[in-house]
Amino acid sequence: MKKVALSDVKDHFSEYLDLAEREEVIITRHGKPAGVLIGFATEDDWFDYRLEHDPRFLMRIETARKSLR
């Protein structure tokens, strides 16, 4: 995980986007964490991320787990 100032990200966005494919980039504003840049090396990685953060999908998983118990 790399921390970088927002002003630096603005000036070198493409470089940090490339770096984000390998590790999370924490973006700071005035020295404090303000956001995170997450890159995807492949389209499958993007798809997986979307599933992992989709409330409807997570609800279906939880329902399926409950029905197995």
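The values are calculated or read from the model by the stated rules, or taken from the named source; none is laboratory data. On a predicted model such as this, the values are computed, not experimentally measured, just so you know. As a convention, Cβ positions derive from the backbone with ideal geometry for all residues, glycine included, and neighbour counts pool all protein chains shown. Protein only, heavy atoms only, side chains kept; ligands, DNA and RNA dropped before computing areas. Shrake-Rupley method; radii C 1.70, N 1.55, O 1.52, S 1.80 Å.
Quick look at the values:
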item	result
Every residue from segment 43-69 that is among the basic types (Lys, Arg), part of a helix (DSSP H, G or I) and loosely packed, with under 10 Cβ neighbours inside 10 Å	56, 65, 66
Selection within segment 42-69 - under 25 Å from residue 21 (Cα atoms) and either hydroxyl-bearing (Ser, Thr, Tyr) or in contact with a Pro (Cβ under 6 Å, 6 or more places away or on another chain) (or both)	42, 49
Residue check for residue 15: of a type in the set (D, E, K, R) and either open to solvent by 100 Å² or more (accessible area, probe 1.4 Å) or modelled with pLDDT of 95 or more (or both)	yes
Flag for residue 25 being within 30 Å of residue 5 (Cβ to Cβ), at pLDDT 95 or above and touching a Phe, Trp or Tyr at 6+ places or on another chain (Cβ under 6 Å)	yes
Residue ID - most open to solvent (accessible area, probe 1.4 Å), chosen from residues in segment 32-42 that are modelled with pLDDT under 95 and among the small types (Gly, Ala, Ser)	41
